[in-house]
Amino acid sequence: MIFAPLVDAVFIRKVGRRKTWVVGTQFGAAVVMMWLSGVCDSDDVSLQTIRNGFGTLGVLASIQDIAVDSWGLELPATYVVP
């Protein structure tokens, strides 16, 4: 995926390399879902608006998947029992 190098390179040091992306994508998905619920409740909703909203959710979910998978690969290396 094209986002994997971005997930490795850009992060907030205080939060952590993976948690930055996991929390950020969850927050972004919540915002998009709340926005979609408001848009779909109106009378002048278009199919393009709904498609763009769910497309954004798909991108956010794929970025979160990359972050969680790479976080899972790092865990055994950090918790080695002597």
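When each of VAL45, VAL68 is tested for being free of Cβ contacts under 8 Å to residues at least 40 places away in the same chain and of a type outside the set (D, E, K, R), the lone residue that passes is VAL45. Within segment 8-42, restricting attention to residues that are without any contact (Cβ under 8 Å) to a residue 40 or more places away in the chain and of a type in the set (Phe, Trp, Tyr), the residue that is farthest from LEU73 (Cα to Cα) is TRP35.
In segment 2-21, the qualifying residues are those that are of a type in the set (Lys, Arg) and surrounded by fewer than 17 Cβ atoms within 10 Å (Cβ to Cβ), and the one that is nearest to the chain's Cα centre (by Cα) is LYS19. The set of residues in segment 1-24 that are within 13 Å of SER70 (Cβ to Cβ) and assigned to a helix (DSSP H, G or I) comprises ALA4, PRO5, LEU6, VAL7, ASP8, ALA9, LYS19, THR20, TRP21, VAL22.
Quick note: the coordinates plus some simple rules give every number you see, no bench work behind them. Since the structure is predicted, the reported quantities are computational estimates derived from the model, not experimental observations. Virtual Cβ from ideal backbone geometry, glycine too; neighbours counted across all protein chains shown.
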